[in-house]
Every structure is written in structure tokens, then in C-alpha cells.
1. Go through the stretch 408-454 and report how many residues are over 21 Å from A86 (Cα atoms) and touching a His at 6+ places or on another chain (Cβ under 7 Å).
2. Pick out the one residue from S93, S106, S127 that is closer than 20 Å to K347 by Cα, modelled with pLDDT of 95 or more and not acidic (D, E).
3. Could you count how many residues in the stretch 309-331 are hydrophobic (A, V, I, L, M, F, W, C) and within 16 Å of the ligand (Cβ to nearest atom)?
4. Being modelled with pLDDT of 95 or more and surrounded by 24 or more Cβ atoms within 10 Å (Cβ to Cβ) narrows it down to one of V371, V339, V322, so name that one.
5. Given (1) over 22 Å from G55 (Cα atoms); (2) crowded, with 16+ Cβ neighbours inside 10 Å; (3) in contact (Cβ under 8 Å) with a residue 60 or more places away in the chain, where does L460 come up short, assuming only one miss?
6. Pairs please, first residue from the stretch 351-379 and over 12 Å from V85 (Cβ atoms), second anywhere and at pLDDT below 95 and among the aromatic types (F, W, Y), Cβ atoms under 9 Å, 6+ apart in sequence or on different chains.
7. Condition check: at pLDDT 95 or above and either over 16 Å from the mean Cα position of the chain (by Cα) or not in a helix (DSSP H, G or I) (or both). Does D398 satisfy that?
Amino acid sequence: MGEWRRWMPRRIGQASWLLVLLAAMSASGDNRAGSTSSATPPNIVIFFADDLGYGDLGSFGHPYIRTPNIDTLAANGQRWTDFYVAAPVCSPSRAALLTGRLPVRSGLYGNTIRVYFPDEPGGLPQSEVTLAEALRDSGYATGMFGKWHLGDAPRALPTRHGFDEWIGVPYSNDMNWVGEPDFEDLVKLSMRGNAAEQAAVYARSGAKYANPKAEDFAAPLLFSQATDEGFSDRVEQPTDQTLLTQRATDAAVDFIQRSASGPFFLYMPYSMPHTPLFRSDAFAGHSLGGRYGDVVEEIDASVGAIHDAIEAAGVLDNTLIVFTSDNGPWLFMREEGGVAGLLRNGKGTTFEGGVRVPTVFYWPGTVKPEVVSDIGSATDLFSTVMALVGVDAPSATDALDLSPRLLGDGASPRTEMPYYRGGTLYAYRKGPWKMHFITEGAYGLPPERLQHEVPALYHLRRDPAERFDVAAQYPEVVADIQAAVTAHRAGLTIAPPLFDARLAAIAAEVQRQAARATSPANDQ
Ligand code: MG
């Protein structure tokens with residue numbers, strides 16, 4: 001790996017990568033053509049489950065959900081106990097993974113609209129540099145098979161942001177409600193203060209989540225490719241959600257077989273186990289853990305199939321595999337949602353259960369097998385991957401390079417962790433200590449929002465479930481974290497929330513409709 005790092009320039013295209021390789025070989029007289037594992041940069045595979053809780057894998061303590069494939073990666077790689085995402089909900093979490101920047105810095109968050117919804121006029125800005133772009137510009141084939149959730153306008157799609165090819169749902173699998181108001185209509189109901197109708201919609205759709213039927217959800221599956229002429233996009237809608245995991249797996253295996261001459265970047269953001277839960281016939285009743293268990297076990301089988309495809313292609317020893325999740329379990333979904341294990345609360349919150357995710361790194365012969373309790377973040381994957389590839393990544397402002405810990409050369413450089421909900425800093429971790437300034441349950445769930453007059457302090461190693469506030473006993477720790485927060489804020493300009501940008505247009509339409517309804521012309 002160190003060999004090619006010396007002559008690998010930044011941002012070269014796939015064709016020029018080959019020219020550089022040939023030039024380097026002839027200049028040095030060192031024929032590396034046959035020894036791909038030392039001459040080819042590592043392949044990168046990132047599995048990103050949706051709403052999978054900290055306690056939902058066998059290797060993270062679930063007694064009934066069986067995940068032998070992921071557990072094998074964990075046993076032969078690094079199982080990270082203290083790995084986080086940048087936000088407790090989908091879109092900002094995904095934005096941070098792909099850009100290496102905090103959502104509050106990039107603007108990829110909302111204070112009112114928490115994630116992107118269908119017919120989004122904006123989406124991931126062109127000014128952002130994604131991990132896929134950085135790798136593609138370094139000569140990688142880039143494939144993505146799964147959920148995007150960073151805007152569904154054509155210019156926002158993955159193929160416009162560095163992926164050569166993509167098959168997947170552009171947002172969450174529950175966002176095309178059949179027979180219900182769409183997102184903008186729901187916002188209008190809320191703006192008009194029509195509480196009774198809103199409650200009726202939520203009650204009806206809640207029942208549909210609890211007993212998922214194909215006809216109640218009409219998610220689109222997009223097939224998108226970057227071509228020499230531009231882009232080619234095709235939509236299949238409604239798609240059969242029972243086949244989402246299987247089809248993503250098949251597409252990934254095909255991509256690996258086509259790309260094995262390497263290097264390749266495979267991004268697998270599964271649409272599951274986000275509700276409504278769907279699995280293929282082969283996994284119905286597969287798990288002791290009910291429908292949720294079935295769905296997770298199908299994801300595990302997918303990870304196994306993709307691992308086997310990499311091995312069959314002969315490149316397993318030159319491939320970094322990462323498995324993690326985009327946020328904690330959606331507790332509102334009760335038995336259809338997962339669990340955060342011993343961690344407190346879940347998705348949507350800045351308690352540990354919302355943002356600490358089950359994470360595994362695997363690279364046989366390179367990542368030193370052990371259980372790691374250093375702090376890491378999905379935001380760090382950008383710099384970590386680029387360091388392993390050997391390319392500088394100056395745009396990834398908030399990403400720290402975890403490669404020293406992965407390679408067994410040192411500690412994780414991340415010793416602090418900010419916890420944002422929307423654009424507001426709710427909590428901050430330094431070392432084993434975590435301090436909450438604001439605590440709040442997920443949408444519709446307790447506890448109610450509380451701005452703490454004296455921040456609450458927990459020692460996460462002695463008290464991982466955040467049960468015992470010890471702020472009064474450790475005033476010096478409280479002061480130290482407050483100083484760390486001041487330094488964090490000083491290094492950050494909070495961008496306006498991009499997800500909320502469409503609110504103004506919806507509000508204007510509500511006003512126009514109200515004006516029409518009360519105008520004299522209406523009486524005629
Ligand atoms: Mg999610």
C-alpha cells in the first residue's frame with residue numbers, strides 16, 4: 001500500500017490513473033502488474049443500515065436476532081463500541097458520512113423539516129465534495145445500491161455526486177403513502193392548524209406501519225447511471241419492497257464482479273430495517289425476533305453474499321469493509337422498530353440510543369482484530385478512507401483520520417463528540433464524560449424538552465445507560481466540557497438549514513389558498 005502512495009497524485013481520472021500506473025512501472029522498472037494487492041489501492045465497502053439499533057446485532061448483544069455474517073466480520077476485525085453518527089435522523093447523518101462535514105456546517109439539516117421528503121426542490125448542493133467524488137477522481141469505480149435521502153431532484157441524485165451507478169429508493173421507503181395526503185399537504189394541514197385532520201391521518205398511517213401491506217406504500221426504485229453523454233435514469237414505481245434487499249445485493253455482487261480489477265467503492269445504504277418492514281419470502285418467519293428480526297437477518301445474509309463475492313473475486317485481502325447504521329432505533333414503531341440495547345432512548349434523540357450505532361471494521365491482514373472503545377464517527381469515514389487510499393481530503397473539515405487505530409498504530413484522534421438535534425447543540429462528549437444541555441425524547445415520545453439550568457453529566461463507561469447525573473460531584477469536569485464546547489463553537493459557522501428552505505413556498509401557497517377562499521369572487 002505504501003508503494004503507490006508515493007506517486008499517487010490527487011484527483012486524477014480513471015483513464016489517467018492507468019497512464020500514471022504505466023508511467024510509474026516503466027520509470028521504476030518495477031513490474032507490479034501481477035501483484036495487485038500491493039499496487040492497487042484498497043477497495044472500500046460501506047454497509048449503512050437504516051434505523052438499526054445499537055442492540056440489534058448478535059455481536060452487539062441481541063439474544064434472538066442471528067447475524068452470523070456480520071458477527072464473523074466483527075470477530076475477525078474491529079468491533080467499535082463507541083461509534084457515532086452526526087445526527088439522530090437519516091438525511092443529516094447520511095450527509096455527514098458522505099461529505100465528512102457536520103450537518104450544521106454544510107446546511108444539510110432542518111429545524112422544522114428534519115429529513116428530505118419527496119419533490120424536494122433542493123437537495124445535496126453541487127458545492128459539496130462527496131466521498132464518492134473523491135474516490136472516483138482517484139480512479140475508483142463507484143457503485144451505490146440502496147437508499148439515498150439527500151434529495152430526489154435529478155441534479156441531487158447519487159450519479160450527480162460521484163457514483164457511476166445507483167439503484168435505490170431516493171428517500172425513506174415510507175414516504176409515498178397511498179391514499180393519504182402527501183408531505184406538502186401534511187405541512188399545509190399543520191400550518192392551517194387543522195389538528196383533528198392531522199391526528200386522523202397519523203392514526204391511519206400508524207396502523208399501516210404496524211401491519212405493512214405492499215398496496216399502502218408506493219416507493220419508487222430508481223436505476224441511474226453516469227454515461228459519457230450525461231446521465232440515464234429510469235424509475236420503477238411502485239417497486240416491490242419485499243425485494244429491495246435482495247435486488248440491492250444482486251446488483252452489488254454484479255458490480256463487484258465487473259469492478260474486481262479495482263479499485264472500487266461500494267456503498268450499500270440498505271432501505272431496511274426502516275419501517276414499513278418488508279423482506280423476501282425466503283426470510284419471512286426466518287427469525288425468532290419477528291418481522292424486524294427477519295429484516296435484519298436478510299441484511300446479514302446480504303453482507304455475507306457480498307463478502308463472498310469479494311472473496312471469490314480474489315480481492316478480499318485488499319478490501320476495507322465497514323458496517324454501521326444511520327441512526328438509532330425508531331422506538332415509536334414499537335415491535336416494528338429495533339432496540340438500542342443498554343443505551344438510553346433511540347432515533348431522533350441525542351441520548352446515546354439515538355446516535356451511537358453498532359459498527360464493525362474488517363480488512364483481513366490489515367485491520368487488527370479487537371474490540372475498540374475509542375470514539376469514532378461516521379463523519380470520520382471520509383478522512384479515514386482517503387488516508388488509507390493515500391489521497392489528501394482537504395474538504396472534509398470535520399472528519400478525523402481513524403486509520404492509526406484501525407491499523408493498530410495508535411489511538412483514535414477523536415476524543416470529543418458534539419450531539420446536534422437539527423441546528424442546536426444538545427450535548428457534548430469529552431473522553432468518557434457526556435454533558436447534556438438540552439434533553440428531549442423523539443417525536444411524540446417522552447421525555448419532554450428540558451433546557452437544563454445546570455447541565456446533566458454522565459460518565460458513559462461507568463453508566464452507559466445515562467441514568468445517574470453526577471454534575472454536582474464533578475464541577476471541574478463540567479467546566480472542562482464547557483470550555484471544549486466554547487472551542488467547538490468558535491471553529492464553526494452554523495449554516496442556514498437547507499431542509500427548511502421549502503417551508504416558505506408552502507406557507508405562501510397556504511396564504512394564497514386562504515385568500516382565495518375569503519375573496520368576494522368566491523361567493524359568486
Ligand atoms: Mg434512518
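1. 1
2. S93
3. Of the residues in the stretch 309-331, the ones hydrophobic (A, V, I, L, M, F, W, C) are 309-310, 312-313, 315-316, 320-323, 330-331.
From what's left, within 16 Å of the ligand (Cβ to nearest atom): 323, 330-331.
Count: 3.
4. Matching residue, one of V371, V339, V322: V322.
5. Condition not satisfied by L460: (1).
6. If the second residue must be at pLDDT below 95 and among the aromatic types (F, W, Y), no pairs are left.
7. Taking the combined requirement at face value, the residue satisfies it.
Okay, residues lined up against (1) surrounded by fewer than 21 Cβ atoms within 10 Å (Cβ to Cβ); (2) within 24 Å of the chain's Cα centre (by Cα); (3) of a type outside the set (D, E):
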| site | (1), (2), (3) |
| --- | --- |
| D137 | yes, yes, no |
| Y140 | no, yes, yes |
| G146 | no, yes, yes |
| V178 | yes, no, yes |
| D185 | yes, no, no |
| L189 | yes, no, yes |
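The values are calculated or read from the model by the stated rules, or taken from the named source; none is laboratory data. Just so you know, these numbers come straight off a predicted model, no measurement behind them. A quick note on method: Cβ atoms are made from the backbone with ideal geometry, for glycine too, and the neighbour counts reach across all protein chains shown.
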